[in-house]
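Engineer: Quick one: the structure is below, questions incoming.
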Amino acid sequence: MSVSLDTRFTAETPEGIALALRPAGVLPRLYAFLIDALIRLVVFIATAIALEQLGRFGAGITLIAYFAIEWFYPVLFELMLSGATPGKRSLGLRVVMDSGLPVTPAASVLRNLLRTADFLPMGYGFGFACMLMRGDFKRIGDLAAGTLVVYAKPVTLHGPLPDAPPEAPGHPLSPREQAAVIAWAARSSRITEARLGELAALAASGVGVPSDAKDPTRRLLGVAQWLLGKR
């Protein structure tokens, strides 16, 4: 049996809202890292040139500046509204918590401090190995901090709902049942008509539609339209 590959990651916020995220793979993260490394290098060279005239005092300040640029550059940008360094932003990436919420200061500091572990034994060997072994492409720092690097563009889970006359459900539905009906209807363009009818027959009785109804698919689509506010 063939299995489709899907790197979509579903996270649930503390409020119970499901978010669909698409983790970024190794190559886009590598490109983002190289862009950020180039930016840091340019900033460091400019700082060193500016402080060169101060002699030994300037050399000491340059070392402090190098430490700050190397370790706090990613933290500073990750805690901004975009949640991304310039390199990540240029490739449409951002850092979020496993819940899909914005990254916290503690998590950002931890994931970046652990770049040391990811770098071992050389050239980010452990980090790349860890990312390649996981479907969410987390490196060691992400595992420890509970973070994800994802594509910032929202993931479209479903297509538009087919037209159908709105029909109220036979009894009140829980929020989870309402979400299930709408999700079923929105996926109708991605599954066969036979499978759509099979799922409708299974779900019909749960929403107050008789399982032996003449057209349970059409009636369940009507319930989905009604749940979305059409009357």
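Engineer: Could you tell me which numbered condition residue 2 fails, if it satisfies all but one of (1) under 25 Å from residue 90 (Cβ atoms); (2) open to solvent by 90 Å² or more (accessible area, probe 1.4 Å); (3) modelled with pLDDT under 65?
Structural biologist: (1)
Engineer: Right, next: Output the qualifying pairs, or none if there are none: Cβ atoms under 8 angstrom, residues six or more apart or on different chains, first residue in segment 175-188 and β-branched (Val, Ile, Thr), second residue surrounded by 17 or more Cβ atoms within 10 Å (Cβ to Cβ) and assigned to a helix (DSSP H, G or I).
Structural biologist: 181/203; 181/207; 181/220; 181/223; 181/224; 181/227; 182/224; 182/227
Engineer: Let me ask something else. Find all pairs meeting these conditions: Cβ atoms under 7 angstrom apart; at least six residues apart or on different chains; first residue within segment 41-70 and acidic (Asp, Glu); second residue surrounded by 13 or more Cβ atoms within 10 Å (Cβ to Cβ) and at pLDDT 90 or above.
Structural biologist: 70/40
Engineer: For residue 106, state whether it is under 30 Å from the mean Cα position of the chain (by Cα), free of Cβ contacts under 8 Å to residues at least 40 places away in the same chain and either closer than 15 Å to residue 152 by Cα or surrounded by fewer than 13 Cβ atoms within 10 Å (Cβ to Cβ) (or both).
Structural biologist: On the way: under 30 Å from the mean Cα position of the chain (by Cα): yes; free of Cβ contacts under 8 Å to residues at least 40 places away in the same chain: yes; either closer than 15 Å to residue 152 by Cα or surrounded by fewer than 13 Cβ atoms within 10 Å (Cβ to Cβ) (or both): yes.
So residue 106 passes the test.
Engineer: Could you go through segment 155-170 and let me know if any residue there is surrounded by 15 or more Cβ atoms within 10 Å (Cβ to Cβ), more than 29 Å from residue 114 (Cβ to Cβ) and modelled with pLDDT of 80 or more.
Structural biologist: Within segment 155-170, one or more residues are surrounded by 15 or more Cβ atoms within 10 Å (Cβ to Cβ), more than 29 Å from residue 114 (Cβ to Cβ) and modelled with pLDDT of 80 or more.
Engineer: I want to confirm something. Restricting to segment 71-96 and keeping residues that are in a loop (DSSP other than H, G, I, E, B) and not small (Gly, Ala, Ser), which single residue is most open to solvent (accessible area, probe 1.4 Å)?
Structural biologist: First, pick out the residues of segment 71-96 that are in a loop (DSSP other than H, G, I, E, B): 79-85, 91-92.
Then keep just the ones that are not small (Gly, Ala, Ser); that gives 79-81, 85, 91.
On the way: 79: 78, 80: 91, 81: 174, 85: 2, 91: 61 Å².
Applying the filter and picking the extreme gives 81.
Engineer: Filter segment 22-54 down to residues that are more than 14 Å from residue 128 (Cα to Cα) and among the charged types (D, E, K, R) and give me whichever is least open to solvent (accessible area, probe 1.4 Å).
Structural biologist: 36
Engineer: Can you run down the residue pairs with Cβ atoms below 7 Å, 6 or more apart or on separate chains, where the first is in segment 201-216 and surrounded by 14 or more Cβ atoms within 10 Å (Cβ to Cβ) and in a loop (DSSP other than H, G, I, E, B) and the partner is at pLDDT 65 or above and not aliphatic (A, V, I, L, M)?
Structural biologist: Within 7 Å, the pairs are 208/169; 208/170; 208/171; 209/170; 209/216; 209/219; 213/219.
Engineer: Scan segment 109-147 residue by residue and report those that are aromatic (Phe, Trp, Tyr) and buried (at least 21 other Cβ atoms within 10 Å of the Cβ).
Structural biologist: Step one: filter segment 109-147 for residues aromatic (Phe, Trp, Tyr), giving 119, 124, 126, 128, 137.
Once the filter is applied, which keeps residues that are aromatic (Phe, Trp, Tyr) and buried (at least 21 other Cβ atoms within 10 Å of the Cβ), segment 109-147 yields only 137.
Engineer: Continuing with this model, one more query. Determine which single condition residue 117 fails, assuming it passes every other condition in (1) over 21 Å from residue 130 (Cβ atoms); (2) over 19 Å from the mean Cα position of the chain (by Cα); (3) of a type in the set (A, V, I, L, M, F, W, C).
Structural biologist: (1)
Engineer: While we're here: Inside segment 97-111, can you point out the residues that are part of a helix (DSSP H, G or I) and either at pLDDT below 90 or under 18 Å from residue 25 (Cα atoms) (or both)?
Structural biologist: Kept after step one, since they are part of a helix (DSSP H, G or I), are these residues of segment 97-111: 105-111.
The answer is 111, and nothing else.
Engineer: I've got another one for you. Yes or no: residue 194 surrounded by 14 or more Cβ atoms within 10 Å (Cβ to Cβ) and either at pLDDT 75 or above or part of a helix (DSSP H, G or I) (or both)?
Structural biologist: Values: surrounded by 14 or more Cβ atoms within 10 Å (Cβ to Cβ): no; either at pLDDT 75 or above or part of a helix (DSSP H, G or I) (or both): yes.
No.
Engineer: Considering only residues of segment 55-67 that are among the hydrophobic types (A, V, I, L, M, F, W, C) and loosely packed, with under 14 Cβ neighbours inside 10 Å, which is farthest from residue 111 (Cα to Cα)?
Structural biologist: The residue in question is 57.
The values are calculated or read from the model by the stated rules, or taken from the named source; none is laboratory data. Source: prediction; values computed, not measured. Glycine also receives a Cβ, built like all others from the backbone with ideal geometry; neighbour counts cover every protein chain displayed. When the accessible area is computed, the model is the full protein with side chains, heavy atoms only, and any ligands, DNA or RNA have been set aside. Shrake-Rupley method; radii C 1.70, N 1.55, O 1.52, S 1.80 Å.
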